Amino acid sequence: MEKLNKQFVENYQKRPEKVLQFGQGNFLRAFIDWQINVLNEKTDFNGSVVVVQPRGQGAVEKLNEQDGLFTLYLQGIKEGKPVKEHSTISCISRGLNLFQQYDEYLQLAHNPELRFIFSNTTEAGIAFDENDQLTDRPQQSFPGKLTVFLYERYQAFGGEMDKGLIIIPCELIDRNGEKLRELVLKYAELWSLEAGFLDWIYEGNTFCNTLVDRIVPGFPTESIDEITAELGYIDEFVVVGEHFHLLVIEGPQWIREEFPAHLAGLNTLFVDDMTPYRTRKVRILNGAHSAMTPVSYLYGLNTVAEAIDHEVIGTFVKELIYDEIIPALDLPDDECRSFADAVIERFRNPYMQHFLLSISLNSVSKFKTRDVPSLLEYVNRKKALPKKLVFSLAALITFYKGKRDDEEIELSDIPEVLELFKVQWSQANGSLESIRGVVKSVLGCERIWDIDLNTVPELTDEVTKNLFEIETKGMKQAVEAVLRQKTAN
């Protein structure tokens, strides 16, 4: 059987390269690339995407072997009914490995038709590395790579303001566009780039804050043989996602004329302030994902659907959302509960195998972004600790021990986080005192949390108590015990 290539696509078209995309992962392909594909089909957007592999590991070479093509399966509830459909996404023109094709990457900056930059390098990706140099090929950090690209474009077009780009990061951090621009300017200062470049960044380029929402479980490992037989070709980049999608872009209204999602029926909103949308989504949907993952996985479950339908874990997750996350939000209660109801249904998607381990990538930074704000705001409002969120924090620390019973957990996080947990767990001997030492060190790491969480009243004691329960009695007994505890009203 042949591998997917352009011969399988009827009326395959080569389009102008209008989009640079940092990241070739499942989410961007099932979310941004799908939207661009729809724009090409239903509007006069007429653009293709150049995908850049931002890290040393990746698969752009294999993607190029498929002519940039991949199959997207959308599965879930659509208009009240379970619907499963698939399409071939053909908007990717090529993929670049920066470690092998750096000159081609810089040459792309000279393309006058380029207009957009999208990225998804996880929450840990928008970060500053003071060791990055302008002359590196490539830089280590994503913002460093982006700064070099923008500087190349600035020089190529003599600083012409109309050659600036629309930069739309999809990383789940607050004010992601503003943060990314700050780091670009910080690199410009570090590398002593001219003042004209800084002016061009401010005046010629538009950095948008965004909110993205679509559950993308990724490659359908368990059903790939059945899918391959159905498709009639081999596709190493099949990706599964839900029908629901939402992209909120905070930026000037003129962008919608260049990215005409409204003409294609896409749920993409251009707003003056995305804060209410972001807070609701990140705290409820993403917060639930991050909080449930270590608890559910250590309980012995493997997918989100298994967890939400489980008698014990499902109850834990719902109480966490309705009793602890929603009370810490400013939005109207009925609006939050309606959104939460929809989230629970999305978690239950009958077609979706959303593996908890796939959610666990960079879990610490995710918990910091998605769950710590709910925990702190709950304490501020209720003058009490949110029992389930605190338990999830304890479960997260247990998860980073790297074991589920006798099974090794393949942890994936930045080296600093992995080293912290490795050192702390190597010093623990199972005693309550040593467990407390682990908790104090983890909660006190301000480089991770931006705050010493030990200063939150009673938090250290409660996390220690929960962690000791998990270690001595196991997750099943520990989570049942926390469910018996009353949440503050």
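Things to note:
- Residue among ASP44, ASP33 that is modelled with pLDDT of 95 or more, in a loop (DSSP other than H, G, I, E, B), assigned by TED's automatic domain parsing to the domain that holds ARG137 and out of contact with any Ser or Thr (no Cβ under 6 Å at 6 or more places or on another chain): ASP44
- Test: residue in segment 64-77 that is closer than 20 Å to ILE32 by Cα, part of a helix (DSSP H, G or I) and in the same structural domain as SER223 (by TED's automatic domain parsing): yes
- Some residue of segment 357-367 being among the aliphatic types (A, V, I, L, M), at pLDDT 95 or above and surrounded by 17 or more Cβ atoms within 10 Å (Cβ to Cβ): yes
- Residues satisfying the stated conditions in segment 20-53, i.e. among the small types (Gly, Ala, Ser) and in contact with a Gly (Cβ under 6 Å, 6 or more places away or on another chain): ALA30
- Of the residues making up segment 190-245, those that are modelled with pLDDT of 95 or more and of a type in the set (Ser, Thr, Tyr) are SER192, TYR202, THR206, THR210, THR228, TYR233.
- THR210 vs. criteria touching a strand residue (DSSP E or B) at 6+ places or on another chain (Cβ under 7 Å), in a strand (DSSP E or B) and of a type in the set (Ser, Thr, Tyr): yes
- Residue that is surrounded by the fewest Cβ atoms within 10 Å (Cβ to Cβ), among those in segment 87-135 that are polar (S, T, N, Q) and under 27 Å from VAL364 (Cβ atoms): ASN131
- Criterion (surrounded by fewer than 16 Cβ atoms within 10 Å (Cβ to Cβ) and aliphatic (A, V, I, L, M)) met by exactly one of LEU443, LEU483, LEU467, LEU453: LEU483
- Output for segment 108-144, where each listed residue is in a helix (DSSP H, G or I) and out of contact with any Leu (no Cβ under 7 Å at 6 or more places or on another chain): PHE142, GLY144
- You will find that of ARG348, ARG436, the residue that is surrounded by 15 or more Cβ atoms within 10 Å (Cβ to Cβ), closer than 20 Å to THR303 by Cβ and in the same structural domain as ARG280 (by TED's automatic domain parsing) is ARG348 and no other.
The values are calculated or read from the model by the stated rules, or taken from the named source; none is laboratory data. Predicted model only: the values in this text are computed from it and were never measured. Note that each Cβ is placed from the backbone with ideal geometry, even for glycine, and that neighbours are counted across all protein chains shown.
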